[in-house]
Structures are given as structure tokens and as C-alpha cells.
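Report on the structure given below.
FYI, it's all coordinate maths here, none of it is from the lab. Remember, predicted model here, so these are calculated numbers, not experimental data. As a convention, Cβ positions derive from the backbone with ideal geometry for all residues, glycine included, and neighbour counts pool all protein chains shown.
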Amino acid sequence: MSDLAIQLHWHRASPVFRTGAYSNAHVVQYNSQYDVTVDSAPDWGGDPANTNPEQALASALSSCHMMTFLALCAKAGWPVASYHDYAEAHLGKNPKGQMSVTRIDLHPVVRFDTGFSVSDEELTQMQHRAHRYCFIANTLADCVEIKIL
């Protein structure tokens, strides 16, 4: 199977390294060419202008789910014209009392070519199939909810 990697780069920008005296901001590099500045979530002192690991997790899930959904629709002959999602990661405490992403909600909106339609039930079933086959969803287990709009 594939091994897929990123590079992460952080360096201390302040003269002192102690609680509250350093920045968590760092760069994640994809494919040796795309740099994304990542930081803590704003509630944890991060810069809201930067992405954070929780958003990146929601992004990975949303992207994987969409690609799985598109593959299934192509196989079924469903002509998808557009796909939009609003993914939201929820922070809280897990059953062990640890901070974690407790749930990720996906809100996919799918549009098909003019003249093609499926029932709400068929669309829901296809979204659930996409969830079942999505690599990232399988990694995250039970903390994903799909709310079809």
C-alpha cells in the first residue's frame, strides 16, 4: 500500500521556551512544494488567521468523503455537476476525559446535471455508502455525522 507523507517545520521564535512564552505556529509542507501555516486552535492561543490540526482533520475527512462519493456516483452513472461541503470539527472530552475531536459534521450539497435527479432516500444511501468506504472515516470510526442539506 501507499506511504503518504508531509514535512513539518517549527522553530522557536522567542528567546525563552516556557509555558505561554512560545508560539505553536509551524509550517506543514505537502509534496515538497505546498506550505500551509498551522497553529493551535484560537481557543488554545493560536492565530485565527492560520489553520489548525482540527480544521485539517475536518478537511481531510471532507475531501476523502467527497472523492469516495464522486467515485461511487460515476460508477452508478449519476452525473454530478457540483459538490459543496461545510465540515465542522467539534472539540470536547472523550469518554476517557481527554480533549479530542469528539465529532465531525459534514454538510454536503450535491447538484446533478439538468434533467437528472435522484430521490432523497437514494442520495442519503449513496452518502452513507461513501462514508462506509472513505479511508479517513474508517480511521476515525464513529465520530462522523453526515447531515445532507
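Using helices alone, what [θ] at 222 nm do you get for the chain, with -39,500 (n - 2.57) per DSSP H run of 4 or more residues, divided over all residues and rounded to the nearest 500?
Working: 3 runs with 44 residues, N = 149.
Estimated from H runs of four or more residues: -9500 deg cm²/dmol.
With viscosity set to 0.890 mPa s and temperature to 25 °C, compute the Stokes-Einstein D of the chain, Rh being the Kirkwood radius across alpha carbon pairs; µm²/s, no decimals. Present the calculation step by step, with values, prior to reporting the outcome.
Numbers: Rh = 17.7 Å.
Rounded to a whole number, D works out at 139 µm²/s.
So how do 17, 69, 116 line up by other beta-carbon neighbours within 10 Å, fewest first? Mind dumping the intermediate values first?
Details: 17 8, 69 26, 116 12.
If I rank by nearby Cβ atoms, fewest first, I get 17, 116, 69.
With an 8 Å cut-off on Cα pairs and a minimum separation of 6 or more residues, tell me the relative contact order of region 53-146 in percent. Can you show the working numbers first?
Numbers: 123 pairs, mean separation 31.4, N = 94.
After rounding, I find 33 percent.
Between residue 30 and residue 82, what length comes free when the chain is fully extended (0.36 nm per residue of separation minus the Cα-Cα distance, one decimal in nm)? Provide the component values of the computation, followed by the final result.
Values: separation 52, 0.36 × 52 = 18.72 nm, distance 2.58 nm.
So the extension gain works out to 16.1 nm.
Between 99, 114, 128, whose Cα lies farthest towards the positive end of the dipole of region 64-144 when Lys and Arg beta carbons carry +1 and Asp and Glu beta carbons carry -1, centred on the Cα centre?
Result: 99, furthest along the dipole toward the positive end.
Test of understanding: what is the full-extension gain from residue 132 to residue 117, defined as 0.36 nm times their sequence separation minus their Cα-Cα distance? Could the numbers behind the result be given before it?
Values: separation 15, 0.36 × 15 = 5.40 nm, distance 2.28 nm.
So the extension gain works out to 3.1 nm.
With labels modelled as points extended 7 Å from the Cα through the Cβ direction, what inter-label distance (nm, one decimal) is found for residue 23 paired with residue 8?
Going by the 7 Å Cα→Cβ label model, 1.8 nm.
For a footprinting-style exposure proxy, rank 114, 19, 51, 68 by other Cβ within 10 Å, fewest first. Walk me through the numbers on the way to the answer.
Working: 114 8, 19 5, 51 17, 68 20.
Placing the least packed residue first, the sequence is 19, 114, 51, 68.
Give me 113, 39 ranked fewest to most by other Cβ atoms within 10 Å of their Cβ, as a rough exposure proxy. Numbers along the way, then the final one.
On the way: 113 11, 39 19.
Fewest-to-most ranking of 113, 39: 113, 39.
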